[in-house]
Structures are given as structure tokens and as C-alpha cells.
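The values are calculated or read from the model by the stated rules, or taken from the named source; none is laboratory data. For clarity, every value in this text was computed on a predicted model and none was experimentally measured. For neighbour counting, all protein chains shown are included, and Cβ atoms are generated from backbone atoms with ideal geometry for every residue, glycine included. SASA here: full protein model, heavy atoms, side chains in, ligands and nucleic acids out. Shrake-Rupley method; radii C 1.70, N 1.55, O 1.52, S 1.80 Å.
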Amino acid sequence: MQTRVGLLMLSLLLGSAPGVVAQKATALDARIARLAAQQEQQVIAWRRDLHEHPELGNQETRTAALVAAELRRLGLEVQTGVARTGVVALLRGGRPGPVVALRADMDALPVTENTSLPFASKATATYNGQAVGVMHACGHDTHVAMLLGAARVLTDLRKDLRGTVKFIFQPAEEGSLPGEEGGARLMVKEGVLENPKVDAIFGVHINAQTEVGTLKYRPEGEMAASDVFKIVVKGKSAHGAYPWLSVDPVVAAAQIVMGLQTIISRQTQLTEDAAVLTVGMIHGGVRNNIIPEQVELTGTIRTFSKEMQQKIWEAVRRTATSIAASSGATAEVSIENYAPVTYNDPRLTAQMMPSLRRAAGVGPVVLQKAVTGAEDFAFFQEKVPGLFVFVGGMPKGKNAADTAPHHTAGFFIDESGLTLGVRTLTTLAVDYLSAKH
């Protein structure tokens, strides 16, 4: 029904009869599907190459060089070194019109791969002072490959495009090293959405727990805001055999960890608004029989509204400082916002629903619940209307509970789902440029 309504609206905008528009849309869909299918093996080859050679955030030099070379082969206007290692390219259509941006993230994670894939990563790096394996454990390799595939298809359609497509290959979505700036925030600061000014932006994310052939979306708040908190508990050092001579920051830190849990379980009305608080790192001490002078706690906060975000920030500060003070210690609390809520513009989402359904073909397009993962794609959405869509990457018939989650060593993607990502990016761009604004 929504597809028919979308075609009717498009026909009114273009001044054509619904039947004529439907025929044109069907022919264009078939052309996009054919061109995307022709790119399938190349997209898979790109993905495997990138998967075997992953790079951490702000270090994606090899990845960026591959991307830039492929875009230059297409005759696009290519800019490198954006936000350190990012690549941006322009495809100017045959007729004037709006500007649409398509984005893919390029960075990998400090995870040691544990799969039997012939192209499994053996890369290593230093992260936060530790020797780590490096792996595309969130599918950013597939995102780059799918966007390169879409760039090829859209280049083939260039003379029929009304407007401009800006391809954004973004570094450091997973965050930068301490003291470094990067990711979508830095790209926006450097003007990636200007010259020419972007009217709308689209992005996709592969999902290892969603069956191939499926698209998932949600209007408004789709993914959570993500904040990083650090609590430094300071006490007084002493010999472990004489704890009464100390102000033990280890015990205070342990009590703070437990106290923080009550912010969610006892102080948050979860029926009104979801929230998550997790302590992910604890560092303190150098020897078993020495009570250290300080302990550091680091964690994440996930929220879907400014009101809930501020409430939890205040509760973290109050809880940490009060518990520390009760034992004679002190707690210094710092909280930084990593990414805002990934907010899909409701009007844009409604406008593009027919596009998603046509891109999916016989596959389902599913309205999903909000998820507590976070995406710095949100920084683009703060500036221009945006739509972020999940693309299925789980083998058909497999149980999601049996698949390795994102950010883990066994993460796996069924590559047969990549062509749908190419079709989705292409269809969203073509349809947005074709509509009257």
C-alpha cells in the first residue's frame, strides 16, 4: 500500500500518470538490480581484501588509498586526507538538482580474529599501550565495499541523474585514541557537508543477527546516544598487611561499581525511556600486597533523550563522589559525549519507504525496536536530514542467538547479503535526487 502511495505521490510531482511512473520505476529498479548484480564479485573481492588488511581508527591509510584509487578510476572528483584519513568524492549528474550524501565507515577494532576464513585478519597493532589483534569485527569492510559498488552503479547512471552524489568514506567511527579527534564529528567540523551543501544523507550498517535479504529501519531515535565516563578514585596508599593505615580506593571503587548499578535498576523509570550504564574497565595497583593510591573506572552510558542523559550524568557524579566520601576517599568524575542519538528524520524516512521496499524486492523491510548500540553517523544527522538502515548479513535459516555478536572475535557476515546493500544505497540516492524538493 505504501509503495502505491509513494508512486502516486511521485507521479503527481513529476506530472505523469501513475502507470507511466510505475513503468519507469520498474524499469529503473531492474536496471539498478542488474548493475548491482554485475558488481557482486568485485564487491566481495574488495570486502575480503579489506577484511584481511584491517586498520584502526585514524590509521586507515591503506584502506583510504584503495578507496581513492577506485573512485578515481570512475572519473570522480576525489579529495583525500579529510578528517585525517577520510576520502570524499563527487559524482555530478547529467542534470542539475539536489545533493545527496552516502556514507561508509572504514575503521576496524582492536579484536584478535578467531574464524576459519581464508582471508581472516592476522594484523596487529598497539592500542592504549597494549599489543592487540586488529579485525573488522563490526562489518565496516562490507560498508566500504558496498559503497564502492554503489559508486560504480551510480556512475553508470550518471547521465540520467538529477543532482550530485557525495560519497563519504569516514575514518574512526569506533572512536579515536585518547587525545585524538576524529570520525564524523571531525568530518562535519571540516565541512564535509558543504561545498556543495548536502540536502540529505543515507547510510547502511550490516547486521550479523539479521537474515540476508532483510532491511531494518526505525524513524526517529534508532540508536542510542553514547557517553564515556571516567571516575578516578583517590585514597591513601599503604602496605596490604596494614589496611587501617590506608584510605583504600580499591574498596571504594568496588562499592562505586555496585552503586552505579542502582542508577538504572532503582532510579530510572525504564518504562518511559531506556538507558544502559556499563563499567568496562578498572585499573589500579601494581602489586598484590600494596594498596594503591588511586583506581580508575571507565564505562559507557547509553540513552535516547537529552533528559535521561542529563539525569544519569548527574546520578553518576552524585553516586561516585558520595560513596568515595563515605570512606574518606575522593572521586573525580568526567563524562564526554561520544555520539548523539542516531535520529532518522521522520519525514525523510516516510518519503524513502517505497525506495527501501523496492530495493529489498521480495525481502522484508522490518520496523525494528530502538537499539542501545551507538553510531557517530548521528553527527551528520544533526546537520542534515538522514536515514540509517540495517542490512541483513546472517545466513538464511540460522538462529540469531547462535551467531557471534558484533565486536567479537568470531564475527561473521554472509557475503550474499552485500548486493542488497549496493541496491539500497543506489536506490535511495536515485529516488531522492529524482523527487521534487
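Observations on the model:
- Computing FRET efficiency as 1/(1 + (r/R0)^6) for Phe119 and Arg158, where r is the C-beta to C-beta distance and R0 is 35 Å, gives about 0.65.
- Taking label positions 7 Å along the Cα-Cβ direction at both Arg347 and Lys236, the computed distance is 6.3 nm, reported to one decimal.
- Lys197 paired with Met281, simple spin-label distance in nm, labels 7 Å along Cα-to-beta-carbon: 4.1 nm
- Label zone at Lys383, where the point sits 7 Å out along the Cα-to-Cβ direction: the range 171-210 residues whose backbone N lies under 14 Å: 171, 182-202
- Computed over protein heavy atoms with a 1.4 Å probe, the accessible surface of the range 266-357 works out to 55 Å² per residue.
- For Met187, the accessible surface of its heavy atoms amounts to roughly 0 Å² (probe 1.4 Å, protein chains only, rounded to the nearest 10).
- Under-5 Å amide H pairs with Gly213, H placed in peptide plane, nonlocal only: Gly392
- Tyr242 exposes around 110 Å² of accessible area when a 1.4 Å probe is run over every protein chain in place.
- Label-point separation, Val257 to Glu180 (7 Å along Cα→Cβ), nm: 2.8 nm
- Of the trypsin sites (Lys or Arg not before Pro) found in the range 51-158, those in coil by DSSP whose Cβ has at most 13 other Cβ atoms within 10 Å are Lys122.
- Which listed pairs, of Lys216/Lys396; Lys166/Lys436; Lys166/Lys383; Lys230/Lys306; Lys306/Lys369; Lys159/Lys189, have C-alpha distances above 22 Å, in listed order: Lys159/Lys189
- Between 0 and 90°, nearest 10: helix 306-326 axis offset from the chain longest Cα axis: 20 degrees
- The long axis of helix 61-73 is offset from the longest Cα principal axis of the chain by roughly 10 degrees.
- Heavy-atom accessible surface of the chain: percent carbon and sulfur, 1.4 Å: 53 percent
- Whole-Hz Karplus values for the range 207-212 come out as 9, 6, 10, 10, 5, 4 Hz, taken residue by residue from phi with 6.51 cos²θ - 1.76 cosθ + 1.60 and θ = phi - 60°; glycine and proline positions read x.
- When DSSP beta bridges are restricted to pairs lying wholly in the chain, around 70% turn out antiparallel.
- Exposure of Thr330 as accessible area (Å², to 10), given a probe of 1.4 Å and all protein chains: 70 Å²
- Close amide H partners of Tyr127, meaning residues 5 or more places away or on another chain with modelled amide H under 5 Å apart, are Val132.
- For the range 124-155 and the range 367-381, distance of Cα centres in Å: 19 Å
- Taking Glu296, Glu52, Glu70 and ordering them by how much accessible surface each has at a 1.4 Å probe, largest first, produces Glu52, Glu296, Glu70.
- Estimated FRET transfer efficiency (Glu220, Glu40; beta-carbon r; R0 35 Å; 0.05): 0.55
- Phi to ³J(HN,Hα) by Karplus 6.51 cos²θ - 1.76 cosθ + 1.60 over the range 258-263, Hz, x for Gly, Pro: 5, x, 4, 5, 6, 4
- Angle between the chain longest axis and helix 418-434 axis [Cα atoms, degrees, rounded to 10]: 60 degrees
- Once the chain from Glu307 to Tyr127 is taken as fully extended at 0.36 nm per residue, the excess over their C-alpha distance is 61.4 nm.
- Sorting His283, His53, His205 by solvent-accessible area of protein heavy atoms yields His283, His53, His205, largest first, with a 1.4 Å probe.
- Sequentially through the range 137-147, phi angles give Karplus couplings (6.51, -1.76, 1.60; θ = phi - 60°) of 9, 10, x, 5, 4, 5, 5, 4, 5, 5, 6 Hz, Gly and Pro residues having no value and appearing as x.
- Using the alpha carbons alone, the radius of gyration of the chain stands to its Kirkwood radius in an Rg to Rh ratio of 1.03.
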